[in-house]
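Scroll down for the structure; my scribbles are underneath it.
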Amino acid sequence: MLSTDQELFEQIEFQENPLYERIIQDILERKYSIVDDFFNADEVAILRKQLINKYEEDNFKKAAIGNRTSEVIEKSIRGDFILWINEAEAGEAEKTYFNKINSLVEYLNRTCFMGILTKEFHYAVYPEGTFYKRHLDTFQNDGRRKLSMVCYLNTEDWKPENGGELAIYTQENGQEKQLNIYPFPGRVVIFESQELEHEVKPVKVPRLSITGWLKTR
Ligand code: OGA
Ligand code: NI
């Protein structure tokens, strides 16, 4: 069969990306993937600075549970403060962030037919003593959420004793298993929003992140 110029062009242009391939493989095999250094130390520092500026300007609000029409603030379930990020108004720091995310999304759509059409991201701060009880990310009544992505913006000296682990609950041979993931800077955790229950353990030192969802129609 004859290829059109466009098809040839796409075949030449397509570059297999080992990191993205690993993420896809992980998600297919176990519904989650953990990538250290998805963002380098400089990128994390810039994003952290941006987050702190906005937090100090009082732009964050207490995170709610439920959907947009029935939001309730329930401190016994989650205690974080969030600020939604508007990609159209992204500053330099956030542009770098979205460039990387968009590159991954294009790859997923191209290689796995994931059909990711929209995304939403927010900064999050968990002050000392806060947590987010075990939940599914479809809790927000948004069945379009396909993949959850959390990117940690803590400082380089973050210690396991600081708490705030992301606990992911998986099933292995009919047995529930709990995996605790430390929120080290630059680390990104990606998981299937509708499949994996997870929680944020109580934090002892303020914990900074960007959390987001890749969504289908
Ligand atoms: C969430 C969430 C996990 C984390 O915001 O829904 O589960 O590690 N966050 O911050
Ligand atoms: Ni969640």
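Values for this structure:
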| item | result |
| --- | --- |
| Flag if GLU165 is under 23 Å from ASP36 (Cβ atoms), in contact with a strand residue (DSSP E or B) (Cβ under 9 Å, 6 or more places away or on another chain), open to solvent by 20 Å² or more (accessible area, probe 1.4 Å) and in contact (Cβ under 8 Å) with a residue 40 or more places away in the chain | no |
| Considering residues of segment 98-140 that are modelled with pLDDT of 95 or more and β-branched (Val, Ile, Thr) only, the residue surrounded by the most Cβ atoms within 10 Å (Cβ to Cβ) | VAL125 |
| All positions within segment 138-166 that are within 13 Å of ligand 2 (Cβ to nearest atom) and either in a strand (DSSP E or B) or closer than 18 Å to ASN180 by Cβ (or both) | ARG145, LEU147, SER148, MET149, VAL150, LEU166 |
| Within segment 170-191, considering residues that are open to solvent by 50 Å² or more (accessible area, probe 1.4 Å) and either closer than 25 Å to ASP142 by Cα or part of a strand (DSSP E or B) (or both), the one farthest from ligand 2 (Cβ to nearest atom) | GLN175 |
| Matching residues, segment 72-94, being in a helix (DSSP H, G or I) and open to solvent by less than 30 Å² (accessible area, probe 1.4 Å) | ALA93, GLU94 |
| Leading residue by the ranking (nearest to ligand 1 (Cβ to nearest atom)) among those in segment 141-161 that are surrounded by fewer than 18 Cβ atoms within 10 Å (Cβ to Cβ), farther than 20 Å from TRP84 by Cα and not hydroxyl-bearing (Ser, Thr, Tyr) | PRO160 |
| Pairs where the first residue, in segment 192-205, is closer than 20 Å to VAL125 by Cα and the second is assigned to a strand (DSSP E or B) and open to solvent by 50 Å² or more (accessible area, probe 1.4 Å), C-beta under 8 Å, 6+ apart | HIS198/ARG134; GLU199/LYS133; GLU199/ARG134; LYS201/ASN180 |
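For every residue, the table says whether it meets (1) over 15 Å from ALA124 (Cα atoms); (2) of a type outside the set (Lys, Arg); (3) open to solvent by 60 Å² or more (accessible area, probe 1.4 Å); (4) at pLDDT below 95.
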site: GLU10; (1), (2), (3), (4): yes, yes, yes, yes
site: GLU16; (1), (2), (3), (4): yes, yes, yes, yes
site: ILE46; (1), (2), (3), (4): yes, yes, yes, no
site: LEU51; (1), (2), (3), (4): no, yes, no, no
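The values are calculated or read from the model by the stated rules, or taken from the named source; none is laboratory data. Keep in mind it's a predicted model, so treat the numbers as computed, not measured. Here the Cβ is made from the backbone with ideal geometry for all residues, glycine too, and neighbour counts use every protein chain on show. Remember, those area values only see protein heavy atoms, side chains included, never the ligands or the DNA or RNA. Shrake-Rupley method; radii C 1.70, N 1.55, O 1.52, S 1.80 Å.
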